[in-house]
């Protein structure tokens, strides 16, 4: 407040300084003009006085002649013995007037003027006039005495009369001449005075004109300078407003846009903004109704100046706002900032700063995504640390070649459109295997990518016609998986090198143990996602005697069957309890060698069994099979359906099952091994898949087996 | 100076009381606490507090509505909104309805004391 008033004071002083020259010049001009006016007044009043003097000295000439004339008239009357009192009276009046006037010329005094009114007659003061008056007085004093003696005597005294007339004859003309001299002199004086006055007036006029010109010139110069400064400031402001990246403008309490607007605003708001335009309708087009309403309140609160600015800053609903775009163009984000412009505790304007923050927001989003990715990487690292190195290496090699196969399939896809379904099914099997294995090893990132790939394949399978874009996204997804695999390979290589450098070689876990660990991990994961509690019993020691390829194939079979078993085979805990079974299910996988040295691989669960009618019902509800087909097929054919590519009765699909690919994969793997799949099942009791590792391929199915098949 | 605490959480109410008791503030008497807007209004009429700390999300009558009511009843009352809402719109609405300050939960002791000092200054 105090600083405010000081600054105001300073500002006033500054203004005063700025105009000091002009103010001084104008004051001088006025003083000078007043002085000239005063002088004029003074001279004209003295000229008035001079006029009286001239007038009265002129009258003196007339009075001297009248005195002489009356005196002669009295003498003529006296010679004829007559006496006229009027003449004496006039002589008295005329001579007395002459006397007073003459004395007043000498000393200054009141005299009767021409209009019979008393007037002040100033004494003469120039040498010539004084001389004239003094000489006149010398003549007049004796003349006056002679006249007085005539005026005062009651009878005519001819002697005195003669004396007076003689004196008059002798001096009358002298007196007239002197009075005439005086008049001329006075006139001359006045003329000189008047010409002086004219000179002074002329000089004063010229001077005042000069002063005036000076003022005008100075003022113009100052004005031009000030205009120049203003223009410069204006130019600078315009330059700033034209170059600044932010949208800048002032908002008045009526919420109209001020006159100074930065050029970029139109582009940022994608709306033309001009002075005095109401701001709120522009905003309304940009943001959602909800944000618009709070923004309106917010701006009004800012003008209210009740709530602190720092608090208001944190509440700005437009600090980062997604802008509604007309077409389907990329989303834009704007940031509006409002700052109060306060004078005398009043909010005069709001300074509005608008920025396009789309880039920042997108970057932040990307950063968040990257952060998520690094989380994934961390999980990956954890999984890799836990995984068995040998198994991992095997998985990586295998997956690498499998991905190459998919790549090959995709590369040839567009040439044979008729075989698209084939292509999808082939890819499906491979991807599904990768998914299962990655889940078993605990590589969730790859599992997720494989699941995504599968989803897209399902989508493609449902469609009759594919467009190029849809096919093209397959290689993209494939390369994403490949990238992950490569990344894992790099890490694994590094870890292995590190491990070898730091540890003396110790016996690695047996193959059977690591397969068991993988299967247990998978079961745990599927249990969790299916919300089931299935116990896994494994007896896999014979795997240690087999070649790695077969072990790998067996593991894949195990993965698919465990997954299927938990998802479809084992009932929910409630359903099991209702059937009188223990709440938790069991799946066992056993390897067994008979006397001939042939190994059996057996997977058995104590779930609901494979019931043909249940499969029929599920086929019907899925809506993918007509009731005719469903009822035409024999029970065995129905069960065989389970092994067809793409068969599924599940409506929803999740990470674990429902794609209709698992059993298809199992079948083809057993074919590769050269085994013969045997399925034994009893409704609500058990299901057992078993095969020998021999040269046969077709499954044998027994729907009414006894429980002691094993 | 009389103060009323309005918050539906018992923990917050006692925390505010404790902070005020321990802080170097001009003498403040806590004249009442309320856990919803209706109680708060009744208490305000009875006790005429100078300052109110107000939660926004409460049962029966929420803080925004209660703020408007209290300000209408006593235009000189100072209301400090204390809310967990990260929803700016609600905060703005409360301020529009006459609230004088705003504090986000969770808040530190110092933040609350500073916000209260601000209101005390305004009240004087």
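A few notes on this one:
- Screening the candidates A:234, A:198, A:185 for the property of being at pLDDT 90 or above and surrounded by 11 or more Cβ atoms within 10 Å (Cβ to Cβ) yields one hit, A:185.
- The condition of being loosely packed, with under 14 Cβ neighbours inside 10 Å and in contact (Cβ under 8 Å) with a residue 40 or more places away in the chain holds for residue A:158.
- Hits in segment A:630-643 (condition: in a helix (DSSP H, G or I) and touching a residue at least 24 places away in the same chain (Cβ under 8 Å)): A:635, A:636, A:638, A:639, A:640, A:641
Quick grid of which residues meet (1) touching a strand residue (DSSP E or B) at 6+ places or on another chain (Cβ under 7 Å); (2) surrounded by fewer than 18 Cβ atoms within 10 Å (Cβ to Cβ); (3) not in a strand (DSSP E or B):
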position	(1), (2), (3)
B:32	yes, no, no
B:81	yes, no, no
B:91	yes, no, yes
B:99	yes, no, yes
B:102	yes, no, no
B:106	no, yes, yes
B:110	no, yes, yes
B:118	yes, yes, yes
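- Residue within segment B:88-105 that is more than 23 Å from residue A:314 (Cβ to Cβ) and more than 13 Å from chain A (Cβ to nearest Cβ) present: no
- Odd one out for residue A:123 among (1) surrounded by 15 or more Cβ atoms within 10 Å (Cβ to Cβ); (2) in contact with a strand residue (DSSP E or B) (Cβ under 6 Å, 6 or more places away or on another chain): (2)
- Failed item in (1) away from every other protein chain (no Cβ under 14 Å); (2) over 20 Å from residue A:355 (Cβ atoms), with residue A:240 passing the rest: (2)
- Options A:212, A:217; residue that is surrounded by fewer than 16 Cβ atoms within 10 Å (Cβ to Cβ), on the phi < 0 side of the Ramachandran plot and either touching a residue at least 40 places away in the same chain (Cβ under 8 Å) or not assigned by TED's automatic domain parsing to the domain that holds residue A:132 (or both): A:212
- Matching entry among B:74, B:50, B:55 (being more than 14 Å from every other protein chain (Cβ to nearest Cβ), touching a helix residue (DSSP H, G or I) at 6+ places or on another chain (Cβ under 8 Å) and closer than 30 Å to residue A:320 by Cα): B:55
- Test for residue B:39: is it in contact (Cβ under 8 Å) with a residue 40 or more places away in the chain and under 19 Å from residue B:72 (Cβ atoms): no
Yes/no matrix, rows are residues, columns are (1) outside any strand (DSSP E or B); (2) farther than 26 Å from residue A:691 by Cβ; (3) without any contact (Cβ under 8 Å) to a residue 60 or more places away in the chain; (4) not assigned by TED's automatic domain parsing to the domain that holds residue A:430:
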position	(1), (2), (3), (4)
A:567	yes, no, no, yes
A:577	yes, yes, yes, yes
A:603	no, no, no, yes
A:628	yes, yes, yes, yes
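- Any hit, segment A:236-243, residues being under 14 Å from the mean Cα position of the chain (by Cα) and either outside any helix (DSSP H, G or I) or free of Cβ contacts under 8 Å to residues at least 60 places away in the same chain (or both): yes
- Elements of the type strands (runs of 3 or more DSSP E) sitting completely within segment A:256-371 and holding at least 2 residues that are surrounded by 15 or more Cβ atoms within 10 Å (Cβ to Cβ) and within 14 Å of another protein chain (Cβ to nearest Cβ): these cover A:332-343.
- Which listed residue is modelled with pLDDT under 90 and on the phi > 0 side of the Ramachandran plot, from A:158, A:148, A:116: A:116
The values are calculated or read from the model by the stated rules, or taken from the named source; none is laboratory data. No experiment lies behind these values; they were computed from the predicted model shown. Every residue, glycine among them, receives a Cβ derived from its backbone with ideal geometry; neighbour counts consider all protein chains shown.
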